1. Quick check: residue separation of Val63 and Ile40 times 0.36 nm, minus the Cα distance between them. What number comes out in nm?
2. Report ³J(HN,Hα) in whole Hz for each residue of the range 44-60, in order, from the Karplus equation J = 6.51 cos²θ - 1.76 cosθ + 1.60 where θ = phi - 60°; Gly and Pro get x.
3. Under 5 Å between amide H atoms, partner at least 5 residues away or on a different chain: which partners does Val41 have, H built in plane at 1.01 Å?
4. Here are a few candidate values for Kirkwood radius over Cα pairs in Å: (i) 11.6; (ii) 12.9; (iii) 12.0. Which one was actually calculated from the structure I just gave you?
5. Check which residues have an amide H placed less than 5 Å from Asp55's amide H, if you skip close sequence neighbours.
6. Give me the percent relative contact order of the range 2-60, please, defined on Cα pairs under 8 angstrom at least 6 residues apart.
7. Per the helix-only calculation at 222 nm, which mean residue ellipticity applies to the chain, given -39500 (n - 2.57) for every DSSP H run of n ≥ 4 and division by its residues, nearest 500 deg cm²/dmol?
Amino acid sequence: MILTINGKEKEIKEGLNLEEIMIHLEMKDKVMAAAINMEIVKKEQWNRLKPQNNDKLELLQFVGGG
């Protein structure tokens, strides 16, 4: 399936939940917040929610700086 992740189209295996997608992208330990189609997804739902073809995901990471 095709997902838009942080503004870039990516082909991802169908049937994966949000947490599995983050693992596939090697981002799971870095993501602090996630949204699908502009709706915030609680962290407790990451392992249950399965994005659909053409969904838009925003995987947000906090970056420190100074």
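Here, each number is a calculation from the coordinates, and none is a lab measurement. No experiment lies behind these values; they were computed from the predicted model shown.
1. 6.4 nm
2. Going residue by residue, I get 5, 9, 4, 8, 10, 8, 10, x, 9, 3, 6, 5, 10, 10, 10, 10, 9 Hz, with x marking Gly and Pro.
3. Ala34, Ala35, Ile36
4. Of the listed options (i) 11.6; (ii) 12.9; (iii) 12.0, (iii) comes from this structure.
5. Residues meeting the amide H criterion: Thr4.
6. 48
7. After summing the helix terms and dividing by the residues of the chain, the value is -2500 deg cm²/dmol.
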